[in-house]
């Protein structure tokens, strides 16, 4: 790091690490924020969009039908930021009967699968734990278990220095060096205490501050970005700003990646919190609005299909499962229906005839079907 880049000591301080290089120690939250009319308007729009999405999530007759594919898409996008190549279709097909499809999951698929498990575990933990260092450790363990970052001590805060920069850089040449271990532990406890503050900072502002501070502390050897993005959704669920886990910012961050990293760094070097807050709040507005429209489109599509299948009970049961995962095999259909393979095949034939499903392998055995309209609706970009 270049010491002269850090012009505002209110955001934190540079120290010499035990090994001699410079590291950055963030000041405790909250910072001084210029709460002008522009920020007030940006916050108001984000609050309104988030409230509308939360209300929609509470009104949907079967919200789990939307939550499952949303979570999987977020897992794909968040993992993609870290370099994985798995697609949503890869993940959805991986969920099907692997014996029938003769597949072995790739490393990328395993990483995305871990992200889904971490997300599900975190949501369940929130029923009995606030967002805390304990919760953060638990979801990191789920995230990193059995994948390429497993050597980075899953579930444990780091005991050595890390740094951020181009491949092959050293702490002396890195773009950013987080706090050394002792200072990191102090910063983490201050961060946790900040999360206990209630009713004095607008929720979305506090969420934005929480996220950037976590990324600055960088408490794990690997997986910090993914945990940091999960914490946004967990925070909004804990504060009851979301009725269902329907808001994820990875698509927005991925499409504005250069701005995202630059704004995080400008907070550290220049104490420029307002540009970061505008970026974060605009992301909430954009993604919440798009997610709400997408949820309505999926609900409308489901009702259209239910109307044309109303006298086909087995096909109707499979239809709901297609909104959880648009891919289908006869084996999966038999398990869902708890019926024989011939009965399952007959239900699939009904869905084929109604143009809901299409077979995509061309094989006589191990056939794989997909509902392309449902898959397209789920994969529709939010930003």
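Read-outs: derived from the displayed coordinates by stated rules, not from any lab. The structure displayed is predicted, hence computed values, not measured ones. No Cβ is skipped: glycine too gets one built from the backbone with ideal geometry, and neighbour counts run over all protein chains shown.
How far, in nm, would the chain grow between residue 132 and residue 345 when pulled straight, counting 0.36 nm per residue and subtracting the alpha carbon separation?
Numbers: separation 213, 0.36 × 213 = 76.68 nm, distance 4.82 nm.
Net length gain for the segment: 71.9 nm.
As an exercise, take the mean of 1/r over every pair of distinct alpha carbons in region 276-383, invert it, and state the Kirkwood radius in angstroms.
15.2 Å
Residue 355 versus residue 303, label points 7 Å from Cα toward the beta carbon: distance in nm?
2.1 nm
Could you identify which residue out of 119, 71, 41 has the top mean-square fluctuation in a GNM of the chain using Cα springs shorter than 10 Å?
Most flexible of the set in this elastic network: 41.
With angles folded into 0 to 90 degrees, how steeply does helix 133-144 sit against the dominant principal axis of the chain? Use alpha carbons for both and round to 10.
Here the helix axis deviates by roughly 50 degrees.
Cα atoms only, region 228-344: Rg and Dmax in Å?
Every Cα atom of region 228-344 included, Rg and Dmax give 20.9, 67 Å.
Based on the Cβ-Cβ distance from residue 107 to residue 10, what FRET efficiency comes out when R0 is 35 Å, to the nearest 0.05? Don't skip to the answer; put the middle values down first.
Numbers: r = 43 Å, r/R0 = 1.22.
For residue 107 and residue 10, the calculated efficiency is 0.25.
Measure nothing but the geometry: give the 0 to 90° angle between the long axis through the Cα atoms of 273-308 and the longest principal axis through the Cα atoms of the chain, rounded to 10°.
Value to nearest ten degrees: 10.
Using a/c under 1.5 as the rounded threshold, could you call the chain rounded, prolate or oblate? The axes a ≥ b ≥ c are square roots of the C-alpha gyration tensor eigenvalues, and prolate needs a/b larger than b/c, oblate otherwise.
Here the chain falls in the prolate category.
Measure nothing but the geometry: give the 0 to 90° angle between the long axis through the Cα atoms of 203-217 and the longest principal axis through the Cα atoms of the chain, rounded to 10°.
70 degrees
Could you tell me the calculated FRET efficiency between residue 85 and residue 34, based on Cβ-Cβ distance and R0 = 30 angstrom, to the nearest 0.05?
In this case the efficiency is close to 0.15.
How would you rank 197, 91, going from fewest to most other Cβ atoms within 10 Å of each one's own Cβ?
With the sparsest Cβ surroundings first, the list reads 197, 91.
Could you list 35, 176 in order of exposure, starting from the residue whose Cβ has the fewest other Cβ atoms within 10 Å?
35, 176
Roughly speaking, what is the centre-to-centre gap between region 315-383 and region 271-296 when only Cα atoms are used, to the nearest Å?
34 Å
Going by C-beta contacts inside 10 Å, put 160, 79 in order with the fewest on the left.
Details: 160 8, 79 26.
Going from least to most buried by this count: 160, 79.
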